[in-house]
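Just so it is clear, none of the values below were taken in a lab; they were calculated from the coordinates. Treat the numbers as computed from the prediction; the structure is a model and nothing was measured. Here the Cβ is made from the backbone with ideal geometry for all residues, glycine too, and neighbour counts use every protein chain on show.
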Amino acid sequence: MKSEKLVIQNLAKGILDLDSIKLPENVTSIAKQLIIDVTGVIIAGSCTKSARSMCDVASEVYSPGSCNVLGRNKYFNPSGAAFVNGASAHALEFDDNCYAGVVHGSAVVFPAVLAFAQHQSLSGKDLLKSFIVGLEIEFAVAKAFSNSIYDKGWWTTSVLGSIGSAAGVASLAKLKIDEIENALSLAISGIGATRAVRGTNAKHYYCGRASENGIISTSLAIKGGEGPLNVFEDRNGLISVLNDKIFKHSFVKNIGKEFGLLEPGVDIKKYPVCYASHSAADGVKAIVKSNNISFENVDEVIATVPPIIASNLTFQNPKTAKEAQFSLEFAIAMILKFGEISLEHLSKHYIMDSDIQNLMAKVKMRVSELPKDTKYTEKICPEWANIELYSKNGECHKIFVGAPLGSSINPLSEEMLYNKFFSCVKFSKMQLDIKSSYEKLLNIEKINNCQELF
């Protein structure tokens with residue numbers, strides 16, 4: 001009787017399988033959109049105080065090299081560039097989201113594969129393929145665990161991102177199967193943070209660390225480093241420790257046959273706040289716009305949301321930008337007054353604005369399951385919102401938003417994606433030919449050497 005392969009062995013086989021096949025065009029197209037989006041977000045995030053601090057510390061820790069630190073006139077070795085770019089990617093809470101594990105995939109995987117591709121002078125085609133490989137391996141493991149590890153309090157971007165970054169770099173490095181197995185096991189053996197990091201700089205710090213982890217674990221494997229190949233199955237392994245021995249192996253075995261980039265897909269944010277607030281923000285915006293309601297005429301807003309939103313948006317009266325990004329009250333107040341939430345709005349000036357403070361007090365969150373009497377389409381994501389807006393003249397306006405604009409089932413248009421990229425670069429004040437850079441990323445497979453990207 002043939003013994004069952006270990007999870008690590010199936011993941012390594014999945015990497016080789018993905019490397020050997022022609023990827024579907026829709027998968028490649030989505031991946032290029034994500035690369036454009038995360039690049040813009042990294043550039044914008046690089047100018048934040050916390051990202052600058054992490055870059056300054058990195059200057060003391062890592063050696064110089066040939067890998068771009070986006071948004072800064074600096075070049076580090078691969079692990080240093082992956083760390084800083086990964087931290088910058090998540091510094092503004094503006095990077096993409098996937099409900100397979102509730103992870104921010106691109107913010108971890110892209111900085112790792114970009115750094116290694118630049119270090120080795122590899123092509124954009126190689127970079128694109130490895131980016132997809134990294135995401136697909138991460139999403140497969142996420143699906144196998146289900147979102148229960150997120151519900152238990154693990155910050156899955158840190159926990160699962162390390163295996164995604166290692167998978168992407170291992171794919172780029174063309175490792176042998178035993179080296180891939182060791183790279184993956186080394187990467188995921190020391191997984192990271194809990195969801196207590198929300199609202200603090202620790203959140204994007206651990207995003208950078210997960211990206212860096214992929215570089216270091218792969219480099220160790222190349223030099224003969226070994227990890228525990230039974231890191232999932234061991235009695236003290238991940239399946240037992242993280243998820244009470246629950247792991248759906250079929251998702252790992254189907255790598256290359258099913259694609260997480262298609263199902264559940266990846267959501268691109270249009271607001272620089274936690275994705276949990278986006279459906280509610282869209283609902284309020286639709287009501288205000290269609291009924292021409294001024295913020296002075298709003299008496300109360302009731303947002304009925306699922307438990308996952310309440311567990312993320314915990315700051316009812318935020319005092320800092322980081323807290324505001326995890327506040328339903330702030331997101332709705334900004335929409336009511338300005339009709340938008342922009343990068344410029346993430347400042348104490350706006351948070352402490354008297355109108356915003358007054359509007360936040362009028363927002364009430366209720367936690368419930370899907371309302372039975374709500375009419376909705378099949379476009380339902382886990383972070384839906386049912387909005388009731390009461391005006392001072394006694395009117396009540398209601399709307400249900402199953403999936404915000406930007407979600408995988410309600411995606412941004414190409415024009416919106418370009419406008420977001422444009423706004424991110426402008427926010428950073430980086431001197432960059434925006435249109436040319438956008439076109440390079442849109443046609444990344446035509447780049448001969450990734451050092452030419454930026």
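Worth pointing out:
- Rg(Cα) / (2.2 N^0.38 Å) computed for the range 275-401, rounded to two decimals: 0.99
- Rounded if a/c under 1.5, otherwise prolate or oblate - the range 7-122, Cα gyration tensor axes: prolate
- Across the range 347-436, the relative contact order, built from alpha-carbon pairs under 8 Å that are at least six residues apart, equals 17 percent.
- Antiparallel content of DSSP bridges confined to the range 275-401, in %, to 5: 70
- Loop-resident sites, the range 1-62, for GluC sites (Glu not before Pro), counting at most 12 other Cβ within 10 Å (DSSP): E4
- Beta bridges per DSSP, both residues in the chain: antiparallel share near 75 percent.
- Out-of-range pairs (alpha-carbon distance over 27 Å; input K74/K270; K129/K253; K203/K270): K74/K270
- Here is the list for the range 10-116: trypsin sites (Lys or Arg not before Pro) lying in DSSP coil, each with at most 15 other C-beta atoms within 10 angstrom of its C-beta, are K22.
- Taking all Cα pairs closer than 8 Å and separated by 6 or more residues, the relative contact order of the range 275-401 comes to 39 percent.
- Projected label distance in nm at K364 and K348, using a 7 Å step from Cα toward the beta-carbon: 3.3
- Cα-projected label distance for L262 with S189, points at 7 Å along beta-carbon direction, nm: 3.6
- Within the chain, the selection of entire DSSP H helices by a Cα span of 27 Å or greater along the long axis and an average Kyte-Doolittle value of at least 1.0 returns 25-45.
- Recomputing log10 I(q)/I(0) by the Debye sum over Cα atoms at q = 0.06, 0.14 Å⁻¹ from the coordinates shown identifies the correct label among (i) -0.40, -1.28; (ii) -0.28, -1.36; (iii) -0.24, -1.28 as (iii).
- Each peptide among 297-306, 202-211 gets the average number of other Cβ atoms lying within 10 Å of its residues, and from highest to lowest they stand as 202-211, 297-306.
- Three semi-axes of the equivalent ellipsoid, the range 192-285, Cα gyration tensor, whole Å, largest first: 31, 20, 16
- Estimated 222 nm signal from helices in the chain, with DSSP H stretches of n ≥ 4 weighted -39500 (n - 2.57), rounded to 500: -16000 deg cm²/dmol
- Between I21 and Y75, the FRET efficiency from the beta-carbon distance, with R0 = 45 Å, is close to 0.85.
- For the range 143-241, applying the loop criterion from DSSP together with a ceiling of 14 other beta carbons within 10 Å to the GluC sites (Glu not before Pro) yields E226.
- Sequence-distant contacts, meaning Cα pairs under 8 Å at least 6 residues apart, place the relative contact order of the chain at 20 percent.
- Remark on T194: its backbone amide H falls under 5 Å from those of W155, a criterion applied only to residues 5 or more positions apart or on other chains, H modelled at 1.01 Å from N.
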